[in-house]
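Taking it in order: structure first as structure tokens, then the write-up.
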Amino acid sequence: MLRNYLLTAWRNLKRHKVFSLINILGLAIGMAACLLIFRYVRDELNYDQFHEKADRIYRVTVRLKTAGSDDGIAAAGIDVGPSLKQDYPEIVEAVRFKSVPVATVKKGNQLFNEKDIYRVDNRVFEVFSYPMRMGNPATALAKPNSVVLTERLAKKYFGKENALGKLLQLDGQPHLVTGILRDLPSNTDLKFTALLSLKTTRAEEEDWLDPSYYTFLLFRSKRQAESFHGKLIQFDKQHYLSRIRALGINFRIEHRIQPLTQVHFSEGLHDDTPKGNRSYLAVFSLTAVFILLVACINYVNLFMAQSTRRHKEVGIRKVVGASKKQLLTQFIGESTLLTIVSTGLALTLVQLINPAFNRFTEKTFTLLAVPGWDIIGGIGIVVCLALVTGSYPAWYLSSVEPVSALKGKRALSGKPLLRELLVVLQFTISATLMVGTLVVYWQMDYLRTKNLGFSKEQTLVVGIPGDELVRQKMPALKNQLLQNSRVRKVSIGPAPAGFYGKASFVKERNGQKTDQFVNFNTIDEDYLDLLRVNVVAGRNFSAAIPTDRTNAVIVNEAFVKWMGWKQAVGQKFSNEPGITQQVIGVVSDFHYTSLHNRIEPILLYYNTDNPVNLLVSIRPDDLEVVRSAWETLIPNRPFEYSFLDAAFDGQYQREEKMRILFTWFSALTILIAGLGLFGLTSFATVQRTKEIGVRKVLGASATSLFFLLSKDFVRLVLLANLIAWPLAWFGANHWLRDFAYRINLDWWIFLAAAGLLIFVAL
């Protein structure tokens, strides 16, 4: 019996090649998209869960609070971790990570700049389960000037040699390689290529108030960690309240802890490590379900459309004694066979797409390296799909009365409501995704083209290492570059969208004083001219005026508005005890952070002692001018650069990826829905062949026949758009809330999506 069912199913697939191909392609594309999306989502949700003690590891964060502001920072001060471990026995261990912005590695006569390097406490491997391939985890970082490399970095500098015990020149100092780690998995929040001993750093030179250490605590139990908040309040009062008051600064420090497994999705914190977004994962998951749902609807629709051809088969089987259960088994078996074929094709598609998908997501997925539970889940999905797609058609056909079927009276004619509802559902999903795609596309275009208040084109950004000898050479380098006619301007200052600090500021208005943190940065006299930031009142800094370095400040228009000043130039305020500062100029508002944030008040000081970047206004073709000058004056440091426009646009990488993914998701959904519509239309056309012949004989044109056959489906697509628009508006509006500067959801966006869908349908 089973052999007969399978043989019948195979014959039906071969007999109706077009419909079978449409169903197989639709299901295969839907399953392939689902597999890729769900593996990505699963990987994101499992960040840092490979550590054996992950459920007991918590990160310390800081809230800096004043009466008018509340800022969160993902790092803590140098002494927070050791003090917490000393005071509270429920903390087993505390380890700190301090980022090394750029480390210069010398190998032979070559110089390399390496990023993603951290200085850490030597007990780091007792907390985190980083897999050590060579070396002793207990002693690897116990001594100063020791370094643990990942396999990738060890291979880069030592090739096939055993790097353990070798010396590596880092920032001019020899470091002993004491361990080799296996390369970290992609789903870890704190990515690094090398770890240095924190003992190399002189702790007495550190500012206790500077929150620059990622601090992690290992608790004895998860329950103790969850009830630790009250003790942190007491800890802050005991350790920081009196020290802050002694500085004469009126703000509060509040330390908090967050589980390691939630760090990847932490929001509202100044954090250098890239973060995930749960909302995006929810959108991608829903989209995957929608794509598969559209494919399942195709199967049901096409099966129902063809069912009139199988009524006699069902009638004959019932006459010769087939039960309803046997017929249900047969038709679900056909659905299972088709699902299995689709699964094989889906796996083939995933294997072909996987390399490009890995490059795009920066993951390392492999089709063969699938956990056991994933295999069980995959089998479950195949079974569920077979049941979902086959249940209703099987029930429908098995309920046919044999006499009616043999007489040909049971046929799908008129306007089958269920089939129309399924088509509407398909195109509602397609229209929703289409509107979402257009909104994301135009918002990204808006971000790229919006006037930022400064010029980001043809501006070279060169990172300045934290080496005092290099910093001392910056004025000489600047002068040498300015002597070249191909260089328009040179400045020693921060790149917009880069680093900016927070200063405690006492705002006085209407006799009331309010403490608040205000953004600040330090620039030189050429910074504003180079970026073409307009000075709307007062003047720019001048190297010829000594007081500009001591008590002068330039503010932006947002600061003037915030203070409520009618005339800003000449205003004086005391931001620090004993120091009076005077506003000498006001600049127009410019976006020094991404367009996710509104332009906030900022203070600009004149200072070049601790430069972060060298900015050079120059054409990309003349890059060698800067390289040559750098290598002449600073031969012991590699020349590395970026262009400001690329760096600024890089702030929207997450949104850009969403745009690309949404485009592909929408295209796949519309493709699958279009395949189904093509199948239904071709079937309807065959069913109406005689009618078309009669109409042609009576003089009907090809155009009139085209509209006759299309109008019913176009009507359904229009109805689907009307249903989709409120859903799409809600979703798009929710996504756009993340941007302080955004496009308007105009009516033409929805009409454009509807027009595209109708074009595809036609």
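For residue 612, the residues whose modelled amide H falls within less than 5 Å of its own, excluding neighbours fewer than 5 places apart on the same chain, are 493. The label-point distance for residue 624 and residue 212, in a model that sets each label 7 Å from Cα toward Cβ, rounds to 3.8 nm. Note on residue 166: lysines with a C-alpha under 25 Å away, same-chain residues under 8 apart excluded, are 98, 106, 107, 115, 143, 155, 156, 191, 199. Modelled label positions at residue 457 and residue 722, each set 7 Å beyond Cα in the direction of Cβ, lie 4.7 nm from each other.
Anisotropy class assigned to the range 651-762 is prolate, per the alpha carbon gyration tensor with a/c at or over the 1.5 cut-off and a/b larger than b/c.
Most simply put, the range 526-593 has about 55% antiparallel DSSP beta bridges, counting only bridges with both residues inside it.
Once neighbouring chains are kept in place and the probe is 1.4 Å, which whole percent of the accessible area of the range 41-97 is contributed by carbon and sulfur?
On the way: 870 of 2000 Å².
Roughly 43 percent of what the probe reaches on the range 41-97 is carbon or sulfur.
To the nearest 0.05, how large is the calculated FRET efficiency for residue 545 and residue 199 if R₀ is 45 Å and r is the Cβ-Cβ distance? Approximately 0.50, to the nearest 0.05. To the nearest 0.05, what FRET efficiency results for residue 737 and residue 529 with a Förster distance of 25 Å applied to their C-beta separation? E(calc), rounded to 0.05, equals 0.10.
Counted residue by residue at 0.36 nm each, then reduced by the alpha carbon distance between them, the extension gain from residue 46 to residue 18 reaches 5.9 nm. Computed about its Cα centre, the charge dipole of the range 84-228 is approximately 700 debye, with only Lys, Arg, Asp and Glu carrying charge at their Cβ. Legend: calculated FRET efficiency, residue 90 to residue 708, from the Cβ-Cβ distance at R0 = 56 Å, rounded to 0.05, equals 0.10. Here the convex hull built on the C-alpha positions of the range 597-667 has a volume of 175 cubic angstrom per residue. Here the gap between residue 53 and residue 752, fully extended at 0.36 nm per residue and compared with their Cα-Cα distance, gives a gain of 246.4 nm.
Could you work out how much longer the chain between residue 254 and residue 513 gets when fully extended? Use 0.36 nm per residue separation minus the Cα distance between them, nm to one decimal. Numbers along the way, then the final one.
On the way: separation 259, 0.36 × 259 = 93.24 nm, distance 2.22 nm.
Going from the current span to full extension adds 91.0 nm.
Placing +1 on the Cβ of every Lys and Arg and -1 on the Cβ of every Asp and Glu, with no other charges, gives the range 17-137 a dipole of roughly 480 debye about its Cα centre.
Each other residue within a Cβ distance under 13 Å of residue 182 adds +1 if Lys or Arg and -1 if Asp or Glu, for a net charge of +1.
The label-point distance for residue 242 and residue 352, in a model that sets each label 7 Å from Cα toward Cβ, rounds to 7.2 nm. The magnitude of the dipole of the range 608-762, with charges of +1 and -1 set on the Cβ of Lys/Arg and Asp/Glu and taken from the Cα centre, is near 1320 debye.
For the range 457-591, the spread of Cα positions along the three principal axes, ordered from largest to smallest, is 53, 30, 29 Å.
Mark the label point 7 Å from the Cα of residue 132 along Cα→Cβ and return the residues of the range 90-106 whose backbone N is within less than 18 Å of it. Only 93-97 pass the distance filter.
The values are calculated or read from the model by the stated rules, or taken from the named source; none is laboratory data. Note that the structure is predicted; figures quoted are calculated from it, not measured. We place every Cβ from the backbone using ideal geometry, glycine too, and count neighbours over all the protein chains shown. Keep in mind that these areas ignore ligands, DNA and RNA; they rest on the heavy atoms of the full protein, side chains included. Shrake-Rupley method; radii C 1.70, N 1.55, O 1.52, S 1.80 Å.
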